[in-house]
Amino acid sequence: MTITAPAAHATAVVAPPILELIDVRASYGPIEVLHGVDLIVRAGQVVALLGPNGGGKSTTVKVAAGLLPATSGEVRYAGRPVEGIAAQDAASLGVCTIPEGRGIFPNLSVRENLWLATGTGTSRARVEEAAYRRFPILADRRNQLAGSMSGGEQQMLALSRALTTDPAVLLLDELSMGLAPMIVSQMYDTVAQLVEEGISVLVAEQFARTVLPIADVAAVMLHGRIAAVGSPAEIDADLSTTYLGG
């Protein structure tokens, strides 16, 4: 089974969302942090999940990726309920996540980090070739310890590893964290290119205006709930005064 959404028929049947959360609640121990989240990512979209730290963005990404089970509600991939799915199974269905902090192995070289992605059946040579084609700087760093690279280079490595799974949906958690503005712009240019290649994206981002230029839909998350959903222009107009208190 793959996550690829079924094609619409001649009768104009609308394909189900590629990723959907329906009234999802989630907890850490006895503390509930998501209080009925509804969120939709359609094929070919960039959905920006915005809000301050502690609002529930990262938890939402974890639930969508199978890293944290929902305590109630439903997660669907291409219209199919996937209750209790594990992260490795989600990845095999085309849902791949880059967590906050990038998730690379700092004491391994760039090449060794990439080789860990060959569990998908792709050869080492093909994994490296694809990574170096997209991010030539990684070729120059191939024998360097990943932890000694800049934050932007580490994010490139994390993204390259994720793309070896040929994902249908890419879940990004705080892509801009710790990066210089110029690097952030480059990374989001890459995300926009991935969407043109057919990948859908859900990106949780505290710094809204770094992602809004490439987003199709924006959702603001406060206190474990979706407070507003709209076009990037609509959300941008109200971000400071209405949603983020500034």
Out of 69, 106, 30, a Gaussian network model of the chain with alpha-carbon springs under 10 Å gives the largest mean-square fluctuation to 30
Size of the range 29-165 along its principal axes in angstrom, Cα-based, largest extent first? 46, 31, 28
Note down the magnitude of the dipole of the range 39-101 about its Cα centre, charges +1 on Lys and Arg C-beta and -1 on Asp and Glu C-beta and zero elsewhere, to the nearest 20 debye. 160
How compact and how long is the range 104-166, expressed as Rg and Dmax of its alpha-carbon atoms in Å? 10.1, 29
Based on Cβ point charges of +1 for Lys and Arg and -1 for Asp and Glu, what charge dipole magnitude is obtained for the chain about its Cα centre, in debye rounded to the nearest 20? 540
Over the range 104-166, calculate the relative contact order: mean separation of alpha carbon pairs under 8 Å at least 6 apart, over the residue count, as a percent. 49
I'd like the orientation of helix 124-134 relative to the chain: the angle between its Cα long axis and the longest Cα principal axis, in ° from 0 to 90, rounded to 10. 70
Dipole magnitude of the range 104-166, debye to nearest 20 (Cβ charges: Lys/Arg +1, Asp/Glu -1, about Cα centre): 80
Quick one: the Cα spread of the range 100-246 along its three principal axes, in angstroms, biggest first? 49, 29, 26
In degrees, nearest ten, helix 151-163 long axis to first principal axis of the chain (Cα): 80
Taking Lys and Arg as +1 and Asp and Glu as -1, residues besides residue 189 with C-beta under 12 Å from its C-beta add up to 0
So what is the 222 nm mean residue ellipticity for the chain from helices alone, if each DSSP H run of at least 4 adds -39500 (n - 2.57) and you divide by all residues, rounding to the nearest 500 deg cm²/dmol? -8500 deg cm²/dmol
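All of the numbers you see were taken from the coordinates with simple rules; none came from a lab. Bear in mind the structure is a predicted one, so any value in this text is a computation, not a measurement. Glycine gets a Cβ as well: all are built from the backbone with ideal geometry, and neighbour counts include every protein chain shown.
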